[in-house]
Each structure stands twice: as structure tokens, then as C-alpha cells.
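Enquirer: Shown below is the structure under consideration.
The values are calculated or read from the model by the stated rules, or taken from the named source; none is laboratory data. All values derive from a computational prediction rather than experimental measurement. Counting neighbours? That spans all protein chains shown, and the Cβs are built from the backbone with ideal geometry, glycine included.
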Amino acid sequence: MALVYILHSDLLHKYYIGSTEGHVEDRLRRHLTDHDGFTGHARDWKVVYQEVFPDKHQALLREKQIKSWKSRIMIEALISRSTE
């Protein structure tokens, strides 16, 4: 099992899209640590979306699809549909 997740930072007003084969809570803890990567610039990331896949390959394809949108409107629509 693998999943795609979207994080949001209120401080940066940005989204981060990623995937993992582990638990999203473990992955979030790593994003919240002090590091040089994109998510290292804020400590307020929260998981706002998750989508489960049977394997890492399918999760990576979905991650790439969402990233290719390059559209905050489409990402927010995806998140909104998941909470309905």
C-alpha cells in the first residue's frame, strides 16, 4: 500500500504534494523537522488530503499528475471534494 498526500502551511500559504509507502503521520514528522528542503521553511504543515493506492508506482503516477496541474484552484478543488 502507498499513498499520495497534500500538506498545507498557513504560514507560507503553500501546498506540498508527496507520496509514501509508510504512514503519513511518520512522513509529516519528518517534514516538520529542521532541514534544507521545501518543507523545512515552516513548522506548521498539516495533512489536508490523502489518497490510497495499492502500490508505490500508482501513487507516484498520481503525485506527478497532481503536480502537473500547477494550479492552486485545482488542488483546492481536489481537497474540497475529499471533505464533502
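Enquirer: What number of residues in the stretch 46-68 are among the hydroxyl-bearing types (Ser, Thr, Tyr) and surrounded by 14 or more Cβ atoms within 10 Å (Cβ to Cβ)?
Expert: So the answer is 1.
Enquirer: Which one is modelled with the highest pLDDT among residues in the stretch 27-59 that are touching a Ser or Thr at 6+ places or on another chain (Cβ under 6 Å) and in a helix (DSSP H, G or I)?
Expert: The extreme case among them is 59.
Enquirer: Are any residues in the stretch 3-26 in a strand (DSSP E or B) and farther than 20 Å from residue 74 by Cβ, and if so, which ones?
Expert: Within the stretch 3-26, 20 is the sole residue that qualifies.
Enquirer: Just for the stretch 1-16: of the residues that are of a type in the set (A, V, I, L, M, F, W, C) and surrounded by fewer than 18 Cβ atoms within 10 Å (Cβ to Cβ), which one is nearest to residue 71 (Cα to Cα)?
Expert: By that ranking, first place goes to 12.
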